[in-house]
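K.L.:
The structure follows.
No lab work stands behind these numbers, since they all come straight from the coordinates. It should be emphasised that the depicted structure is a prediction, and the values quoted were computed from it without experimental measurement. Because the Cβ atoms are built from the backbone with ideal geometry, glycine has one as well, and the counts that use them run over all protein chains shown.
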Amino acid sequence: MKKIKIADGLELSWLALGECRRGDPDAQAGAFAIMDRYRELGGDTFDSARMYHDGGSDRAMGEWMRSRKVERDDIVIVTKGSHNAPSSWITTRLTPEEIERDLDESLSFMGIAHSDLHLLHRDDIRIPVERIVPALSGLVAKGKARAVGVSNWTVGRIIQANQFALENGFEPIRCSQLLGGLALTTSAMSGDLTHIVMNDVEFGWYRESRLPLMCFGAQARGWFAARAAGREPKPSPQKFYDPLPENYRRLARLERLSGKLGRSFGALTAAYARDRGLNACVLSSFSSPWQLEEAFEAETFTLTPGEIKYLETGLGTC
Ligand SMILES: NC(=O)c1ccc[n+]([C@@H]2O[C@H](COP(=O)([O-])OP(=O)(O)OC[C@H]3O[C@@H](n4cnc5c(N)ncnc54)[C@H](OP(=O)(O)O)[C@@H]3O)[C@@H](O)[C@H]2O)c1
């Protein structure tokens, strides 16, 4: 399986597996079946977060590993902590104590000694990077994380943080997790202004800097599939993607390219997030194994720049 390199000896599968509602007791058996199938297909990178189901995702991750007797070193575990307080989107949790406590709790919930890659789930630009970087770096120094990174940070903050890390001998940010699929949205549509959506300037920086990215939202939370089938999307994808007419145009192009190439939506949208010229892996979630298998079809082809351009603009190749 194609991988992207994060640090020496640390790589992520091109298709990383999201939470898949494993922390929801009603969905856990189905999520475990998807995790099993993901491993059978050659994937090894699992995403989790302290805030998913209030630790339930981390606990279920540990339960799955124990029940399948998975060796710790056979998989790559991405943890996330320091999400805003659930009761208030503007109360951030980025003190050194909060950063370390969240990771400690995730490790204890999973029953493991270290995370392969620990990300800050959100940012707060009122807090200088000079206070955050040493805390993150300390997680690596203490052996609790092999590498660190961020999610929902703007590139301006990543540049500041990495300059400070470089000048002061701290661990740099080695990976960023961001919303970045074919369907477009804005922070305001998600109802959470700490949710950062990549813009064109940021896209250019990621393309040039080669900072590894984990792109979520490739399947538009099922929006393309639901609209193509004439079904109402679920409330969250409806809120994210319905308001922009451009998404309907992208859907029409996706349908046309799918017909021409004989590829499923799941494969094309995964390939789109992977093949746009970024150093990116695709972080997706699935509610059934067939959805995962569709995304895995993207292992067998690459979208050309012309096809990417067609999906984005209607020009290019189809
Ligand atoms: N860092 C962050 O702030 C952040 C934010 C969000 C997510 N994440 C991570 O990223 C992962 C993926 O995020 P996401 O759920 O927003 O992304 P996504 O991959 O765009 O959406 C996943 C959903 O799309 C639908 N789907 C997937 N494959 C399909 C197919 N072949 N055909 C039809 N529908 C399909 C399924 O929903 P239904 O079957 O239910 O319709 C599935 O649950 C999460 O699990 C989480 O680990 C991180």
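K.L.:
Could you tell me the relative contact order of the stretch 1-179? Use alpha-carbon pairs under 8 Å, at least six residues apart, and round to a whole percent.
P.N.:
Relative contact order here is 17 percent.
K.L.:
Then there's this: Below 8 Å between Cα atoms, with a sequence gap of 6+, how large is the relative contact order for the stretch 212-316 in percent?
P.N.:
Worked out over the stretch 212-316, it gives 33 percent.
K.L.:
What ranking, highest mean first, results for peptides 211-222, 241-252 when packing means the other Cβ atoms within 10 Å averaged over each residue?
P.N.:
Per-residue Cβ counts within 10 Å, averaged per peptide and sorted highest first, yield 211-222, 241-252.
K.L.:
Something else now. Report, in listed order, any pair from 5/80; 2/239; 3/260; 3/144 with a Cα-Cα distance greater than 26 Å.
P.N.:
Beyond 26 Å between Cα atoms: 2/239; 3/260.
K.L.:
At most 14 other Cβ atoms within 10 Å and a DSSP loop assignment: could you name the GluC sites (Glu not before Pro) in the stretch 32-75 that fit?
P.N.:
Listed in order of number, the matching sites are 71.
K.L.:
Okay, next question. Quick one: work out the % antiparallel among DSSP beta bridges in the stretch 1-179, nearest 5.
P.N.:
Close to 20 percent.
K.L.:
Using unit Cβ charges (K, R positive; D, E negative) and no other charged atoms, how large, in debye to the nearest 20, is the dipole of the chain about its Cα centre?
P.N.:
600 debye
K.L.:
In percent, how large is the relative contact order of the chain, given Cα pairs closer than 8 Å and 6 or more residues apart?
P.N.:
Value for the chain: 17 percent.
K.L.:
Only helical DSSP H runs with n ≥ 4 go in: add -39500 (n - 2.57) per run for the chain, normalise by residue count and round the 222 nm mean residue ellipticity to 500 deg cm²/dmol.
P.N.:
-13000 deg cm²/dmol
K.L.:
Cα atoms only: what Rg and Dmax, in Å, come out for the stretch 211-318?
P.N.:
Both quantities, over Cα of the stretch 211-318: 13.2, 38 Å.
K.L.:
Starting from the amide H of residue 6, placed 1.01 Å from N in the peptide plane, find each other amide H under 5 Å away whose residue is 5 or more places distant or on another chain.
P.N.:
For residue 6, whose amide H was placed from the backbone, the distant partners under 5 Å are 11, 12.
K.L.:
Given the peptides 48-54, 224-230, arrange them by the average over their residues of other C-beta atoms within 10 Å, most packed first.
P.N.:
Order by mean packing, descending: 48-54, 224-230.
K.L.:
What's the local net charge at residue 271, with K and R +1, D and E -1, over the other residues with C-beta under 12 Å away?
P.N.:
-1
K.L.:
Ok, one more. Give the order of 255, 202 when sorted by the count of other beta carbons within 10 angstrom, beginning with the fewest.
P.N.:
Lowest to highest Cβ neighbour count: 255, 202.
K.L.:
So which trypsin sites (Lys or Arg not before Pro) in the stretch 143-201 are both in a DSSP loop and have at most 16 other Cβ atoms within 10 Å of their Cβ?
P.N.:
none
K.L.:
Continuing with the same structure: Output the antiparallel fraction of DSSP beta bridges having both residues in the chain, as a percent to the nearest 5.
P.N.:
Once the DSSP bridges in the chain are tallied, antiparallel ones form about 10 percent.
K.L.:
Please report 208, 98 as a ranked list, fewest other C-beta atoms within 10 angstrom at the top and most at the bottom.
P.N.:
Ranked by crowding around the Cβ, least crowded first: 208, 98.
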